[in-house]
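Q: Below is the structure I would like to discuss, written out as structure tokens.
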Amino acid sequence: MMPVLGGVFAHYGWKDGRLTSSSVFTWFSDFPMKDRQKHLTWEEWVDYLNRYAVHFGIIDQFRFNCKVVDVKQCSEGGYDLTIHKRNWSNGHSSHGSQEKVEEEIFTTYYDYLVIGSGLHHTPNLPKWSGVDSFRSCGGTLLHSSKFRDAAEFKGKNVVVVGAGESGSDITYHISNVAKKTYSSMRSGTGVLFPDKANGYTADIRDNRIVWSFPRALWPLVVASQAKFFRTVNYEPAQRAKVFKMAADMNVKNRASGFNINSCKSFGIPEAIIYNNAEIKSNISHFSGKSIHFTDGSVVDEVDAVIAATGYQMDINAIKDKDLKEKFSNPRLLWKNMMAIDQTDLFIVGFTRPQNINLVTCCELQARTIALIVSGQKSVPSEEEMKSDILKHIEHMQRTFSRGSKTLVDFHYYADGLAQWIGCAPDFVSTLLTDPMMVINMVFAPFCPCQYRLVGPGATPSLARDAIMASPYYQHHRERLARDMSGFFLLLTTGVWSLFGIGEKHMRPVGLAGKLFEFFAALWLGLIIVSIYFQQFPVSLLLLFPILVFSKALRSGTSEKMLEESEPLLLKFVQSKYFLFNRSKAKII
């Protein structure tokens, strides 16, 4: 619709806004970024998209200034699209000078339809009682999609509604200039996750070790993250207070990346610690410029309310009610994108991952569609799709029951798509041929190029170079404590898996599970050999971590762990008996 590439980033967005996931992995797998330690501004992301299009020579495949206003399914197959062409620019800074566009409305037929318009089109604005009286008294009410610059609210009393990433970011920017800022939230935040920690983008600590943990261990993950937040070593005193507040909020909300989506912004605790903002419950009603909240409290003389309350799940171009209803719940679609009985229409991007990044999910969906449309792969049978959908629903209900219907568990989802495409890496065979790369694939941050090593569209040389260039979180003791404990935890799940101990949600998530079953088999083999040669001290030494982490697996699923000031497992893995190197920072 817009005159440039960039989607919502080229017509929404506020001053100083940045991507919430960093350049450590937010890019397409066939066009890696070199600088992987920054949060791109929205202008920088639009620039990346343009460089991608130029690099692959596809810019002429786009028709700009064209808004699809109606989609009609044809009885003989395919779709008629009614397109309104004109200058749709809303004056966004990324649009530059505009050439005159001759307005026209026309209809074009297509065999296949891919809808990648996303969710950010129809603002979801709650219908609060008394809004008219608020506006008549001079109050300003706007949705976050209309927010552009915090400076417009300088010296005012402002309520920001919503505790997602947009709400958090806006709350912080507003609190820097407002007279008083309030954050109103219905049920608390998702898991609060910082943009940076100890001098690095925080998601540099994301790797397959942690994200392979069984999701039933979410209490252990909440406690472990709280421990990290409460003991950050390289943050200024004020920001350390922000981390501690975020830890308390995560524990209170029982929030981890294993049971709810992440809010990759410390905007709300930063606004509270730095600028004296206050948290309020959900809005009950307005009375003039007074706002009443559901907990009974009232704030008077409010000048503005900004509703960061998300968007309706609506594809505006689809007018047919039956067709709209069919695609209204992505979780009921195969891979969140295709209906079982309609294999020529796909939706892309209705897959919000709980962490890592949306870009990789979209890319894998696009590669899947390309294989189907080009005839290189056949659409799965109805039975296969039904089975896959039911497994996905069961997994999400069991693990992310608090999430929206567009939420996906990143590694569970992305690895599943990669297996269907045929681009999933085989960790065990790669370990035998290229062990150094496997170390980076498992212990370094997630790298999208893992899905370019094999299969359709493979670029193995480029992929390996990008994987080997992965940056590491370079606080030596802290990283090794986490990764070593994580390794033994997964090794133990591998042992459990080999012996059929525990239910399926106590198994590793994603492709690395087979790797840890392989390690478990080797570990058990060493125990058997040591017993055979009567090396019983060695046997006990090898058996000890399996017993310790079996106990951790059992206790790690209990919410009682969150009530302990110093959970036993965390105390053990961070003790001098587990890691002798006590140095606080060492680059390795």
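Q: Suppose we filter I389, I393 for residues that are surrounded by fewer than 20 Cβ atoms within 10 Å (Cβ to Cβ), within 20 Å of the chain's Cα centre (by Cα) and of a type in the set (A, V, I, L, M); which single one remains?
A: Matching residue, one of I389, I393: I393.
Q: Would you please name the residue that is nearest to K38 (Cα to Cα), looking only at residues in the stretch 60-91 that are touching a helix residue (DSSP H, G or I) at 6+ places or on another chain (Cβ under 8 Å) and surrounded by 13 or more Cβ atoms within 10 Å (Cβ to Cβ)?
A: Here the residue is S89.
Q: Which count do you get for residues in the stretch 54-83 that are assigned to a strand (DSSP E or B) and of a type outside the set (A, V, I, L, M)?
A: Residues flagged as assigned to a strand (DSSP E or B) and of a type outside the set (A, V, I, L, M) within the stretch 54-83 amount to 8.
Q: Picking from G525, G510, G494, G500, which residue would you name as being under 30 Å from Q419 (Cα atoms) and touching a His at 6+ places or on another chain (Cβ under 9 Å)?
A: Answer to the check: G510.
Q: Scan the stretch 153-164 and report the pairs whose first residue is farther than 15 Å from L142 by Cβ and modelled with pLDDT of 95 or more and whose second residue is among the β-branched types (V, I, T) and surrounded by fewer than 20 Cβ atoms within 10 Å (Cβ to Cβ), with Cβ atoms within less than 7 Å and a gap of 6+ or a chain change.
A: K154/V177
Q: Would you confirm whether or not the stretch 332-340 contains a residue that is part of a loop (DSSP other than H, G, I, E, B), among the charged types (D, E, K, R) and under 20 Å from Q397 (Cα atoms)?
A: yes
Q: With the condition kept exactly as written, say whether any residue in the stretch 234-244 is farther than 24 Å from V159 by Cβ, free of Cβ contacts under 8 Å to residues at least 24 places away in the same chain and touching a Phe, Trp or Tyr at 6+ places or on another chain (Cβ under 8 Å).
A: yes
Q: Also, I was wondering about something else. Please specify each residue of the stretch 467-482 satisfying the condition of being under 25 Å from K34 (Cα atoms), part of a helix (DSSP H, G or I) and either under 23 Å from the mean Cα position of the chain (by Cα) or among the hydroxyl-bearing types (S, T, Y) (or both).
A: Passing the criteria: I467, R479.
Q: If you don't mind, there's one more thing I want to ask. Restricting to the stretch 214-242, what's the tally of residues that are among the hydrophobic types (A, V, I, L, M, F, W, C), under 30 Å from D35 (Cβ atoms) and buried (at least 23 other Cβ atoms within 10 Å of the Cβ)?
A: Selection size over the stretch 214-242: 2.
Q: Restricting attention to the stretch 374-428, which residues are among the hydroxyl-bearing types (S, T, Y) and touching a residue at least 12 places away in the same chain (Cβ under 8 Å)?
A: Those that are among the hydroxyl-bearing types (S, T, Y) and touching a residue at least 12 places away in the same chain (Cβ under 8 Å): T399, S401, S404, T406, Y412, Y413.
Q: Evaluate the stretch 388-407: report whether one residue or more is polar (S, T, N, Q), in the same structural domain as S22 (by TED's automatic domain parsing), touching a helix residue (DSSP H, G or I) at 6+ places or on another chain (Cβ under 8 Å) and part of a loop (DSSP other than H, G, I, E, B).
A: Among the residues of the stretch 388-407, at least one is polar (S, T, N, Q), in the same structural domain as S22 (by TED's automatic domain parsing), touching a helix residue (DSSP H, G or I) at 6+ places or on another chain (Cβ under 8 Å) and part of a loop (DSSP other than H, G, I, E, B), which makes the answer yes.
Q: Filter the stretch 147-164 down to residues that are assigned to a helix (DSSP H, G or I) and either out of contact with any helix residue (DSSP H, G or I) (no Cβ under 8 Å at 6 or more places or on another chain) or of a type in the set (S, T, N, Q) (or both), then give me how many there are.
A: 2
Q: Working only within the stretch 213-259, note down all residues that are in contact with a His (Cβ under 7 Å, 6 or more places away or on another chain) and either closer than 20 Å to S21 by Cα or part of a loop (DSSP other than H, G, I, E, B) (or both).
A: Correct list: P214 only.
Q: Of everything in the stretch 180-200, what is over 20 Å from the mean Cα position of the chain (by Cα) and without any contact (Cβ under 8 Å) to a residue 60 or more places away in the chain? Give them in sequence order.
A: G199, the sole residue that qualifies.
Q: With outside the structural domain of Q365 (by TED's automatic domain parsing) and crowded, with 17+ Cβ neighbours inside 10 Å as the only criterion, which of A246, A317 stands out?
A: It is A246.
Yes or no, residue by residue, for (1) among the hydroxyl-bearing types (S, T, Y); (2) part of a helix (DSSP H, G or I); (3) under 18 Å from I369 (Cβ atoms):
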residue	(1), (2), (3)
Y412	yes, yes, no
A418	no, yes, yes
L432	no, yes, no
V438	no, yes, no
C449	no, yes, no
G457	no, no, yes
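Q: Being within 25 Å of the chain's Cα centre (by Cα) and more than 30 Å from R205 (Cβ to Cβ) narrows it down to one residue among M249, M338; which is it?
A: Unique residue meeting the criteria: M338.
Q: Tell me, please, whether a residue that is aliphatic (A, V, I, L, M), in contact with a Leu (Cβ under 9 Å, 6 or more places away or on another chain) and over 30 Å from R36 (Cβ atoms) can be found in the stretch 179-190.
A: No, the stretch 179-190 has no match at all.
Q: Taking the stretch 267-288, which residues are outside any strand (DSSP E or B), crowded, with 18+ Cβ neighbours inside 10 Å and not acidic (D, E)?
A: Matches in the stretch 267-288: G267, I268, P269, A271, I272, I273, A277.
Q: For residues that are touching a residue at least 24 places away in the same chain (Cβ under 8 Å), in a helix (DSSP H, G or I) and either in contact with a strand residue (DSSP E or B) (Cβ under 7 Å, 6 or more places away or on another chain) or not aliphatic (A, V, I, L, M) (or both), tally how many sit in the stretch 29-53.
A: Summing the residues that are touching a residue at least 24 places away in the same chain (Cβ under 8 Å), in a helix (DSSP H, G or I) and either in contact with a strand residue (DSSP E or B) (Cβ under 7 Å, 6 or more places away or on another chain) or not aliphatic (A, V, I, L, M) (or both) in the stretch 29-53 gives 5.
Q: Condition test on K100, is it in contact (Cβ under 8 Å) with a residue 24 or more places away in the chain, surrounded by fewer than 18 Cβ atoms within 10 Å (Cβ to Cβ) and not hydrophobic (A, V, I, L, M, F, W, C)?
A: So K100 fails the test.
Q: May I pose another question? When the stretch 68-114 is examined, which residues are found to be closer than 22 Å to W45 by Cβ and modelled with pLDDT of 95 or more?
A: Answer for the stretch 68-114, where residues must be closer than 22 Å to W45 by Cβ and modelled with pLDDT of 95 or more: just V114.
Q: Could you tell me whether the stretch 190-197 includes any residue that is touching a Cys at 6+ places or on another chain (Cβ under 8 Å) and either in a strand (DSSP E or B) or of a type in the set (K, R) (or both)?
A: There is at least one residue in the stretch 190-197 that is touching a Cys at 6+ places or on another chain (Cβ under 8 Å) and either in a strand (DSSP E or B) or of a type in the set (K, R) (or both).
The values are calculated or read from the model by the stated rules, or taken from the named source; none is laboratory data. The model shown is predicted, which means the values in this text are computed figures rather than measured ones. Every residue, glycine among them, receives a Cβ derived from its backbone with ideal geometry; neighbour counts consider all protein chains shown.
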